[in-house]
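Presented below is the structure to which this report refers.
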Amino acid sequence: MPIYKTILRRKEEIADGTMAFHFEKPEGFVFKAGQFGDFTLIEPIETDAEGNIRGFSWASAPYEVDLMFATRMRDTAFKRILKTMEIGTEVSLDAPYGSFTLHNNLRIPAVFLTGGIGVTPVRSIVLQAAHDNLRHKIFLFDSNHRPEDAAFLSELMEAQEKNPNYTFISTMTEMEKSSPKWDGETGYITKPKLVKYIGDLTLPIYYIAGPAAMVTAMRKTLNEAGVDDDNIRTEEFSGY
């Protein structure tokens, strides 16, 4: 893949402990919704054992002007540099990579099961599907501790108004620790919860993105429900 140079255009906090970073899209750069790129800091003022390179899935859709990713802000040298980075700072980009992209067969539903920051590539896919008027039946089950922790919550909810084929199911697992009122689903993503919205669980293709433990648990749930491994695609977000 070619190496691009890009500059930071803006940054914002989008959930508790989670920030989004918007970069200029290099001329001629093309990617598919759901793909990722490797970012390299150029001569950072500090570094640590984890190094100066991170892979981030695009949260931005291909039709959008900027390249945007979102990440949990841990206390690492890379994240400290990222958080304090001045607008206009240049970084290197090695991209695009990845096959966590929407399948082509319109007759097969797509079900996304995400936890925490694992929702980032799915924002890209959901928004691009609405933009392109795709006829895929899409379900997104997104699990977070609290609404305060849920990245892109309002945006993913509102996307249903633009795409009648898309259903968003957000579920919270620790509402006792939350301040805002929540009228949606609670608890983990379970087989009964999936059946409630999907019906026959053997029909869709599943995309699981989130912490490793969640990916493992969801795969086990689907396998026990009779879903073939060929219809399960995964992306783990560890330590991000």
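Results, tabulated for the structure shown:
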read-out	value
Net charge of neighbours whose Cβ lies under 11 Å from the Cβ of residue 90, counting Lys and Arg as +1 and Asp and Glu as -1	-2
Reachable aspartates and glutamates, given that their alpha-carbon falls under 19 Å from the alpha-carbon of residue 181 and they are not under 8 places away in the same chain	16, 142, 148, 149, 155, 158
Top of 172, 157, 214 by mean-square fluctuation, Gaussian network on the chain, Cα under 10 Å	157
Positive minus negative residues near residue 66 (Lys, Arg vs Asp, Glu; Cβ under 10 Å)	+1
Fewest-first ranking of 177, 25, using other Cβ atoms within 10 Å as the exposure measure	177, 25
Residues 99, 178, 60, sorted so that the one with the fewest Cβ neighbours within 10 Å comes first	99, 178, 60
For the stretch 110-236, average projected area of the Cα convex hull in nm²	7.4
Nearby lysines by direct alpha-carbon distance to residue 25 (threshold 24 angstrom, same-chain neighbours under 8 apart not counted)	5, 11, 79, 83
Ranked list, fewest to most other Cβ atoms within 10 Å of each Cβ, for 234, 120	234, 120
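Laboratory data are not the source of any read-out in this text; all were calculated from the coordinates shown. Quantities reported herein were computed from a predicted structural model and do not represent experimental measurements. Glycine also receives a Cβ, built like all others from the backbone with ideal geometry; neighbour counts cover every protein chain displayed.
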